[in-house]
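The values are calculated or read from the model by the stated rules, or taken from the named source; none is laboratory data. The shown structure was predicted, so the numbers you read here are calculated from the model rather than taken from an experiment. Because the Cβ atoms are built from the backbone with ideal geometry, glycine has one as well, and the counts that use them run over all protein chains shown. Note: areas computed on protein heavy atoms with side chains; ligands, DNA, RNA excluded. Shrake-Rupley method; radii C 1.70, N 1.55, O 1.52, S 1.80 Å.
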Amino acid sequence: MTHSFNLQGKVALVTGANTGLGQGIALALAEAGADIAAAGISAPTETEQKVRALGRRFVAIEADLSSLEPIDRVVRGTIDGLGGLDILVNNAGLIRRADAVDFTEKDWDDVMNVNIKGAFFMAQAAGRHMIANGYGKIINIASMLSFQGGIRVPSYTASKSGIAGITRLLANEWASKGININAIAPGYMATDNTAMLRADEKRSSEILGRIPAGRWGDPSDLGGAAVFLASRASDYVNGAVIPVDGGWLAR
Ligand code: NAD
């Protein structure tokens, strides 16, 4: 059975892999055998060291994914650098917090441009290559706010609700072409994304109080779901949004 989780010989492109959840996912995929291309705005130095220490190949591609301009270059750089593109993890994302009555157009556009527009067109570019190959795995990073409304994060909620919908749409169109598109919905994870929440004692203890697992998640907690969705083990899983949340949604 374990061979169906093996990613030896596969190439994974992970966006925003320099830190946080993207780094955790990149390392899990590398541990399972994949070579890694990392695309993002910050140099993925630590991720590169850790991936190479696992004996995998690595390429870094600098790209600001708030515009569509770098997308073809990122896909081409992955294929030229590592010889293919089998797995895409659409992880890059950002969040802006303000009351809905004060929320600005800039905070709307900045978040939507990366989290939903960029993710869709990255999937389109990778998908064209995967469809030609008749094989591919696309993993979008959703959120608890793909299921819930949240508070003070209107553009984030819109983008993460949207990514769940786009995951299902792409799965409907491409399942018959050998491409699996699914999403992971992380719960409350200890990364830069939640630094403000964790620094707010009241919000932090409210959040912790409803996590059945009794702790914030760690980037390594996503590894199992990521390897599953990136591997042959998930060949009949299409359009799913899988929570990895310590039980948050079960409450
Ligand atoms: P993070 O801030 O550590 O990572 C975000 C990554 O996205 C970084 O690598 C950053 O450089 C990259 N990025 C941001 N803007 C970019 C741009 N314009 N171009 C290219 N790259 C860009 O936070 P994280 O928690 O690791 O977030 C990773 C993903 O997980 C995001 O999509 C986030 O919404 C999602 N998520 C996080 C949590 C959580 O609790 N931390 C929960 C659910 C979903």
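Across the stretch 1-22, which residue is farthest from the ligand (Cβ to nearest atom) among those that are open to solvent by 10 Å² or more (accessible area, probe 1.4 Å) and within 19 Å of Ala125 (Cβ to Cβ)? Explain how you work it out, then say what you get.
We begin by selecting, within the stretch 1-22, every residue open to solvent by 10 Å² or more (accessible area, probe 1.4 Å); these are 1-6, 8-10, 16, 18-21.
In the following step, the residues that additionally are within 19 Å of Ala125 (Cβ to Cβ) were identified as 10, 16.
Numbers: Lys10: 21, Gly16: 3 Å.
If we take residues in the stretch 1-22 being open to solvent by 10 Å² or more (accessible area, probe 1.4 Å) and within 19 Å of Ala125 (Cβ to Cβ), then Lys10 is farthest from the ligand (Cβ to nearest atom).
Which residue is farthest from the ligand (Cβ to nearest atom), if the candidates are limited to the stretch 59-118 and must be polar (S, T, N, Q) and buried (at least 16 other Cβ atoms within 10 Å of the Cβ)?
Thr78
Could you list, in sequence order, the residues of the stretch 23-58 that are away from the ligand (no atom under 11 Å from the Cβ), surrounded by 18 or more Cβ atoms within 10 Å (Cβ to Cβ) and among the β-branched types (Val, Ile, Thr)?
Ile36, Val51
Let's see how each residue does on (1) open to solvent by 50 Å² or more (accessible area, probe 1.4 Å); (2) in a helix (DSSP H, G or I):
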residue	(1), (2)
Leu169	yes, yes
Ile181	no, no
Ala225	no, yes
Pro243	yes, no
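Go through (1) under 17 Å from Gln148 (Cα atoms); (2) not charged (D, E, K, R); (3) not in a loop (DSSP other than H, G, I, E, B) and name the single condition Ile211 misses.
Every condition holds for Ile211 apart from (3).
Give the residues of the stretch 176-203 that are within 13 Å of the ligand (Cβ to nearest atom), among the β-branched types (Val, Ile, Thr) and without any contact (Cβ under 8 Å) to a residue 60 or more places away in the chain, sorted by residue number.
So in the stretch 176-203, the residues within 13 Å of the ligand (Cβ to nearest atom) come out as 183-198, 203.
Remaining after also requiring among the β-branched types (Val, Ile, Thr): 184, 191, 194.
Selection gives Thr194 alone.
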